[in-house]
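Some notes on the structure that comes next.
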Amino acid sequence: MKKIFFIFALCILLFALFLAWFVPSAFIGSPSQSSIPITIPENANAKAVADLLANKGIITSAFGYQVYSYIDAAARHPRSGEFVVAPGASYRSLARQFSFGPTRNEITIRILEGATLEDIGLELGKWDVTARSFSDLVGSAKQHTAFSAPLRQQFEFLKDLPASATLEGYLFPDTYRVWKDQLPLGFILKQLQEFNNQTDGYAAEAAKQGRTLKDVVTLASMVEKEGKTLDEKKMIAGIFLNRLKLGMRLQSDATVNYVTGANRARPSLDDLEVDSSYNTYKHDGLPPGPICNPGKDSLEAALHPTSSNYYYYLHDESGKIYYAKTIEEHKANRVKAYGE
């Protein structure tokens, strides 16, 4: 009888010790202020999760988590994906987190005025977006591919663009908050929606002037690269329109840089000879489409340019701008600016 009592007491003691060890880890926990990213693979069971947590130092006992899984169905049905968890968290909180699904990582992406599709693609590459997945949606002038057809039906301003068009010019530059798991489509949709918001009424106003929204955006993209202040941009936009009215070539260095990728302040003679429809030194009229994604000031300048009698302009090395009405005045300005 004493032996039976001893065994019973020993069992009670062991069970009490087990509870003292198990309950704090299972239901209370002591989560740290830091966090650790983990990835739960597809079809992982409770044992696989327990081993993963123990190996990462998030829990001290894989066995304890497995035991917990017998009393909580949530621990037996984890969802796969990326999670951010705190070491020392209770089994209960971990199991609940895994059963609800992956952590949604909201990120901030800033796109500057004048960024090209290539620039945006490089920025998204920092968030593991492949160049191919991005270009499949937005198109590429260099690769002669158009933007994704389904996007055309979602935004009115895209419907009349040529079949070969890219989204260059229409991804509005700004700072965006977006879920990382929605990249790149979610981000592109946000930019397109912001462009729609910022250009409300532009198409109607452009039509009154005998222009299209595409014309305005294309001009704005050139102005973005050529001008610095709003006043400069409005004046330059007016100069470009003056040249177009006379049938003069626009001769924009920015359009040449778009083709060469050199981004020179003053393109070389070889640059100016590049064979491209975007080279406004060799081809009449506006380029086939925008050369970057312009900001609000540039769009406003292109829609409401400053009227003047100027047909030429240039910047000196310090950024000062010179305007001219005639080629003779322009040549004189070159001497002032560059000593030539």
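We did not get these values from a lab; they are worked out from the coordinates using the rules stated. Owing to the predicted nature of the structure, the values given are computational and were not obtained by experimental measurement. As a convention, Cβ positions derive from the backbone with ideal geometry for all residues, glycine included, and neighbour counts pool all protein chains shown.
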Provide the net charge surrounding T116, with neighbours chosen by a C-beta distance below 13 Å and charges set as Lys +1, Arg +1, Asp -1, Glu -1.
-4
State, as an integer percentage, the relative contact order of segment 132-252 based on alpha-carbon contacts under 8 Å between residues 6 or more apart.
16
For segment 257-309, which trypsin sites (Lys or Arg not before Pro) pass both filters: DSSP loop (anything but H, G, I, E, B) and at most 12 other C-beta atoms within 10 Å?
R264
Show me the ranking of peptides 185-193, 79-87 by mean Cβ neighbours inside 10 Å, starting with the highest.
185-193, 79-87
Which distance in nm do the two modelled labels at W127 and H144 give, with both placed 7 Å along the Cα-to-Cβ direction?
3.3
For V84 and K320 in the same chain, what is the full-extension length gain: residue separation times 0.36 nm, less their Cα-Cα distance, in nm?
79.8 nm
How much mean residue ellipticity at 222 nm does the chain get from its helices, if each DSSP H run of length 4 or more adds -39500 (n - 2.57) and you divide by all residues, to the nearest 500 deg cm²/dmol?
-14000 deg cm²/dmol
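Specify whether the C-alpha gyration tensor of segment 202-308 places it in the rounded, prolate or oblate class, a ≥ b ≥ c being the square roots of the eigenvalues: rounded for a/c under 1.5, otherwise prolate if a/b is larger than b/c and oblate if not. Spell out each step's value before the answer.
Numbers: a/c = 1.79, a/b = 1.55, b/c = 1.16.
Prolate.
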Residues in segment 79-113 near a label at N45, defined as backbone nitrogen under 13 Å from the 7 Å Cα→Cβ point?
none
Quick check on segment 290-329: take the gyration tensor over C-alpha atoms, sort the square-rooted eigenvalues as a ≥ b ≥ c, and tell me if it's rounded (a/c under 1.5), prolate or oblate.
oblate
Around N279 (Cβ within 13 Å, Cβ-to-Cβ, excluding N279; K/R +1, D/E -1) the net charge comes to -4
Considering the dipole of the chain built from charges on the beta carbon (Lys and Arg +1, Asp and Glu -1) around the Cα centre, which of M235, V84, L171 is farthest to its positive end?
V84
Using a Gaussian network model of the chain whose springs link C-alpha atoms within less than 10 Å, name the residue from S308, S298, S34 with the highest mean-square fluctuation.
S34
Could you order the peptides 266-275, 162-171, 64-73 from most to least packed, using the average number of other C-beta atoms within 10 Å per residue?
162-171, 64-73, 266-275
Which entry is the computed Rg and Dmax of the Cα atoms in Å for this structure: [x] 31.1, 121; [y] 20.0, 62; [z] 19.2, 55?
[x]
Would you work out if segment 117-169 is rounded, prolate or oblate? Take a ≥ b ≥ c from the square roots of the eigenvalues of the alpha-carbon gyration tensor; rounded if a/c is under 1.5, else prolate when a/b is larger than b/c, oblate otherwise.
prolate
With a point put 7 Å past each Cα toward its Cβ, work out how far E194 is from F155 in nm, to one decimal.
1.1
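Considering Cα pairs under 8 angstrom that are at least six residues apart, work out the relative contact order of segment 107-198 and quote it in whole percent. Walk me through the numbers on the way to the answer.
On the way: 106 pairs, mean separation 32.0, N = 92.
It rounds to 35 percent for segment 107-198.
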If you average the alpha carbon positions of segment 234-266 and of segment 99-152, how far apart do those two centres end up, in angstrom?
28
Rounded to whole Å, give me the distance from the Cα center of segment 69-93 to that of segment 172-227.
44
To the nearest 20 debye, the chain has a Cα-centred charge dipole, built from +1 on Lys and Arg Cβ and -1 on Asp and Glu Cβ, of 1300
